[in-house]
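Q: One structure coming up, written as structure tokens, with questions to follow.
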Amino acid sequence: MPRKDLRLNGQLGMFSPGHVSGETVPKRRRLQRSLHTADSEKLWIQKLAETGRYRILRKLAPRPLIARAASPLPQVGVVVDVETTGLDFRKDEVIELGMVAFTFDERGRIGDVVGIFSALQQPNSPLPPQITKLTGITDAMVAGKTIPIDEVERFIEPADRVIAHNARFDRPFCERLAPGFMPKAWACSVSEVAWSERGFEGTKLGYLIGQCGYFHKSHRAVDDCHALLEVLDTPFPDASGTAFADLLQNAKKARIRIWAEHSPYDMKDQLKARGYRWADGSDGKHGGPTLRKKNAMTNCIFYAPTSIVGGTRSRR
């Protein structure tokens, strides 16, 4: 009986503030030290994930940069992102250009990062406050800075494919900034990957990177390029492939755009019901000023969304 009491007192004493034991304290210290090792961190992450009650997001670590000659895959892709003073490429300006070059093959395998480019540029007027709030880029950061166009041209020259997350936005800004972008084959990771069919909840890069298990510093050009590269190379949940493999195949398909020029205004509802959209003339070829008369519109141009008709082509 006395022996049992002693054993119980010893167990209770382990939880008392003043308890000191020749064995217990060293064990506790060893446990605390082990919590800071890389292996134990992986173990805790695994244990938390296995409960099904937690989702673990890892800070995105950019891939190491290696020489092009050291990467065995044959082709070069360039992920590009721009930060701008606004949404209109005709009047707004690029204030930051980021690019990440990587190797790939026709099967859609991504290899190594073989080039990184990042540069700021001072616009002709002070940055709008909302742009500074969104990007963190200040007037002081861009003061006196210019994007070296000759370096941009050399960087993209070997690219077999240029990729942007919403190329409809980035491409016209890039082509206005550096003519070398114009003859390149482009791919859009927003419109040419069926994200919802692949189990993703949205197409914004922030959603995609989170669902792939990462977080990163968003709305800085080169950081977004690194993030998009990891998203494209992350296997789908059903292990059926990667977004990059889908993107590469879809970007090769020929597309046509059908224009319903000079359409009567009273046909607008029927046209919209068939998938046509209004052309605002931003491409410099279609659309433009309109003249309205009661139920009539002159120079009324609608376009049908791009349709896949099969085949291949060299550029979009």
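The values are calculated or read from the model by the stated rules, or taken from the named source; none is laboratory data. For clarity, every value in this text was computed on a predicted model and none was experimentally measured. Please note: Cβ atoms are built from the backbone with ideal geometry, for glycine as well, and neighbour counts cover all protein chains shown.
Q: Of the residues 126, 158, 183, 179, which single one is in the same structural domain as residue 79 (by TED's automatic domain parsing) and closer than 24 Å to residue 226 by Cβ?
A: 158
Q: Of all residues in the range 139-150, count the ones that are loosely packed, with under 12 Cβ neighbours inside 10 Å and part of a helix (DSSP H, G or I). Explain how you work it out, then say what you get.
A: At the first step, the residues of the range 139-150 found to be loosely packed, with under 12 Cβ neighbours inside 10 Å are 140, 143-144, 146, 150.
Next, only the ones that are part of a helix (DSSP H, G or I) stay: 140, 150.
The qualifying residues number 2.
Q: Regarding the range 66-89, can at least one residue be identified that is of a type in the set (Gly, Ala, Ser), surrounded by fewer than 13 Cβ atoms within 10 Å (Cβ to Cβ) and modelled with pLDDT under 95?
A: Within the range 66-89, none of the residues are of a type in the set (Gly, Ala, Ser), surrounded by fewer than 13 Cβ atoms within 10 Å (Cβ to Cβ) and modelled with pLDDT under 95.
Q: Another question about this same structure. For the range 158-181, which residues satisfy the criterion of being basic (Lys, Arg) and surrounded by 17 or more Cβ atoms within 10 Å (Cβ to Cβ)?
A: Initially, the range 158-181 is screened for residues basic (Lys, Arg), giving 161, 168, 171, 176.
Residues satisfying the conditions are 161, 171.
Q: Another question about this same structure. Any residue in the range 197-209 that's in contact (Cβ under 8 Å) with a residue 24 or more places away in the chain and of a type outside the set (A, V, I, L, M): show its pairings with residues that are surrounded by 14 or more Cβ atoms within 10 Å (Cβ to Cβ) and assigned to a helix (DSSP H, G or I) at Cβ separation under 9 Å, as long as the two are six or more apart or on different chains.
A: Short answer, once both residue conditions are applied: 198/243; 198/246; 199/211.
Q: Residues of the range 170-187 being free of Cβ contacts under 8 Å to residues at least 60 places away in the same chain and outside any helix (DSSP H, G or I), which ones?
A: Hits for the range 170-187 are 178, 182.
Q: Looking at 113, 94 in this structure, which one is aliphatic (A, V, I, L, M), in contact with a Leu (Cβ under 6 Å, 6 or more places away or on another chain) and over 22 Å from residue 141 (Cα atoms)? Show your work before the answer.
A: Values: 94 fails: over 22 Å from residue 141 (Cα atoms).
When all the criteria are applied, what remains is 113.
Q: If you check 268, 253, which single one turns out to be at pLDDT 60 or above and assigned to a helix (DSSP H, G or I)? Walk me through how you get there before you give the answer.
A: Values: 253 fails: assigned to a helix (DSSP H, G or I).
None of the other options fit; the residue is 268.
Q: I'd like the residue in the range 182-231 that is among the aromatic types (Phe, Trp, Tyr) and under 21 Å from residue 249 (Cα atoms) and, out of all such residues, is surrounded by the most Cβ atoms within 10 Å (Cβ to Cβ).
A: Taking the range 182-231 first, the residues among the aromatic types (Phe, Trp, Tyr) are 186, 195, 200, 207, 214-215.
Then drop every residue that is not under 21 Å from residue 249 (Cα atoms), which leaves 186, 195, 200.
Working: 186: 22, 195: 19, 200: 20.
Within the range 182-231, the match that is surrounded by the most Cβ atoms within 10 Å (Cβ to Cβ) is 186.
Q: Quick check on the range 226-248. Is at least one of its residues at negative phi, modelled with pLDDT of 90 or more and in contact with a His (Cβ under 6 Å, 6 or more places away or on another chain)?
A: Looking for residues that are at negative phi, modelled with pLDDT of 90 or more and in contact with a His (Cβ under 6 Å, 6 or more places away or on another chain), one finds at least one in the range 226-248, hence yes.
Q: Now a separate question. Mind checking which residues of the range 131-165 are in contact with a Leu (Cβ under 9 Å, 6 or more places away or on another chain) and among the polar types (S, T, N, Q)?
A: Correct list: 135, 138, 146.
Q: Please find, among 56, 45, the residue that is at pLDDT 60 or above and within 30 Å of residue 247 (Cα to Cα).
A: 56
Q: Of all residues being farther than 16 Å from residue 92 by Cβ and in contact (Cβ under 8 Å) with a residue 12 or more places away in the chain in the range 118-138, which is surrounded by the most Cβ atoms within 10 Å (Cβ to Cβ)? Just the residue, please.
A: Only one residue tops the list, namely 119.
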